[in-house]
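For reference, the structure is listed below as C-alpha cells.
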Amino acid sequence: MLKKSTLLLAFAISVFALEIPKNHIVSTSWLDKNIDDKNLVVIDTRSTKAYKKSHIKGAVNYPKKVWFRGKLGNIPKLQNSMQQVQDMLQNAGVTEKSLILFYSAGTKNKDFADAVSGIWNLWLYGMQNSVLLNGGFAKWVSEKKSVTAKLPKIAKSDIELDSFDKSIVASLYDINEAMYDDNIQITDARVSKFYTGIDKKKSLVRHGRIPTAKLTPVIRYTKKTESYFELISAKEAKKTLYNSGYGVELDKPLITYCNTGHKARGLWFVAKFLVGMKNVKVFDGSMVEYSRTNLPIETGEPME
C-alpha cells in the first residue's frame, strides 16, 4: 500500500522537479514550458463533447460531473470514494512522482470550480501534488497555443491510496456545532437569491441559508480578461473575503457550503491557497443535505 509518508515524499520530489507554486496556481506559460515533462498529468474537466472537439495535448478527460459520484442515502453529489479516485488516477497514468494539473473551460466566472472539484477530491485522499491552470482552456486558446483532437495513449498505473484528510471536509455535526461557536465561521458560496431563500431549486427541500452563514459568492473571485476568466490577485481576494469586516475573518476556521458542494469547493481553494487561510473545510452535503434536516434555516436579509 502507498503510505502517507510516501505520498508526501513524492510531493516533495514533484515540487523540486516542476516548481509548484505555493498557491497551487500555474499559468499558461508554466504549462507551455512543462507540457512535455514525463511526470506531468493533465486533466480536462470540461464536457466530453468539448474535449473530443479539441483539448490540450496529452490531457485526460474527467468532466465536472465525475467528481460528484458519492452518495449517502438520498443525498447525492458527494465526494468520490477512495476507490473511485484511485481508479481514476490509475486510468490517467498517475504515479507517485506525478504532478497533476487540472483545467476547466475558463469561459464562466465560476467554472474554475470544476477543476477545483478534482483537486479537492485528490487532497481528500492524500494527493497534494495538484495545481490549477489559471484562465483554463479559454486562455490557452486565446494565446494561440497548440490544441489537438487526438486522444492520448495512457499506460495505466498501479498507484494506491490509503489516507483520508478529514481536515478539509465538514460534516452536518460540524455545521451544527459551528452555528453556536463564534470562533468557527460558515460561508455561503452561492449568489444572494439562494442565500435569501427566493430561489426555486427543486433539489432543495427547504430554501434559505444556514444560520450565522455569511454571503461570499464564489463568482466574486474571478475577473474577465478578453475571452476568459482568471482568478483575482491574492490581495484582492483577501479584501473581498474580509469585506471590511462584514465577511470572513482570515485568522479563524472556516466552513464553506453551497447547494451541492461545487461552489463550496471553489471557495475552499480561494480561501486556502489564494488567500492563505490555515483551516478551511467544505460541507460537501451543503444545502441539499441540510435542507432535508429539521435544523433551523434563515431567509431574507440578515438582521445584522
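The values are calculated or read from the model by the stated rules, or taken from the named source; none is laboratory data. What you are looking at is a predicted structure, and each value in this text was computed from that prediction instead of being measured. Please note: Cβ atoms are built from the backbone with ideal geometry, for glycine as well, and neighbour counts cover all protein chains shown.
What residue, of Ile119, Ile100, is surrounded by 15 or more Cβ atoms within 10 Å (Cβ to Cβ), β-branched (Val, Ile, Thr) and assigned to a strand (DSSP E or B)? Explain how you work it out, then say what you get.
Working: Ile119 fails: assigned to a strand (DSSP E or B).
The match here is Ile100.
Can you tell me which of Asn176, Asn183 is modelled with pLDDT of 95 or more, part of a helix (DSSP H, G or I) and not hydrophobic (A, V, I, L, M, F, W, C)?
Asn176
With the requirement that a residue be surrounded by 14 or more Cβ atoms within 10 Å (Cβ to Cβ) and among the basic types (Lys, Arg), what does region 231-251 give you?
Correct list: Lys238, Lys239.
Consider Gly135 against the criteria (1) crowded, with 22+ Cβ neighbours inside 10 Å; (2) closer than 23 Å to Val85 by Cβ: it satisfies all of them except one. Which criterion is unmet?
Just one mismatch for Gly135, condition (2).
Touching an Asp or Glu at 6+ places or on another chain (Cβ under 7 Å) and farther than 30 Å from Leu72 by Cβ, is that true of Lys145? Please lay out each step first, then the result.
Working: touching an Asp or Glu at 6+ places or on another chain (Cβ under 7 Å): yes; farther than 30 Å from Leu72 by Cβ: yes.
The answer is yes for Lys145.
Is there a residue being surrounded by fewer than 21 Cβ atoms within 10 Å (Cβ to Cβ), over 29 Å from Ala105 (Cα atoms), in contact (Cβ under 8 Å) with a residue 40 or more places away in the chain and not assigned by TED's automatic domain parsing to the domain that holds Gly70 anywhere in region 276-290?
No, region 276-290 contains no residue that is surrounded by fewer than 21 Cβ atoms within 10 Å (Cβ to Cβ), over 29 Å from Ala105 (Cα atoms), in contact (Cβ under 8 Å) with a residue 40 or more places away in the chain and not assigned by TED's automatic domain parsing to the domain that holds Gly70.
State all residues of region 119-152 that are within 15 Å of the chain's Cα centre (by Cα) and among the aliphatic types (A, V, I, L, M); if no residue qualifies, say none.
Scanning region 119-152 gives Ile119, Leu122, Leu124, Met127, Val131, Leu132, Leu133.
If I filter region 70-89 down to residues being in contact (Cβ under 8 Å) with a residue 40 or more places away in the chain and surrounded by fewer than 17 Cβ atoms within 10 Å (Cβ to Cβ), which single residue comes out as farthest from Ser203 (Cα to Cα)?
Here the residue is Leu72.
Could you figure out which of (1) over 15 Å from Phe269 (Cβ atoms); (2) in contact (Cβ under 8 Å) with a residue 24 or more places away in the chain; (3) not charged (D, E, K, R) isn't true of Val66?
(2)
Tell me which helices (runs of 4 or more DSSP H) are completely within region 198-304 and hold 1 or more residues being in contact with a Lys or Arg (Cβ under 8 Å, 6 or more places away or on another chain) and of a type in the set (Gly, Ala, Ser), or say none if there are none.
262-269
Which one of these is more than 24 Å from Tyr103 (Cα to Cα), β-branched (Val, Ile, Thr), surrounded by fewer than 24 Cβ atoms within 10 Å (Cβ to Cβ) and touching a residue at least 60 places away in the same chain (Cβ under 8 Å): Thr293, Thr225, Thr260? Break it down into steps so the answer makes sense when it comes.
Working: Thr225 fails: more than 24 Å from Tyr103 (Cα to Cα); Thr260 fails: more than 24 Å from Tyr103 (Cα to Cα).
Residue meeting the stated conditions: Thr293.
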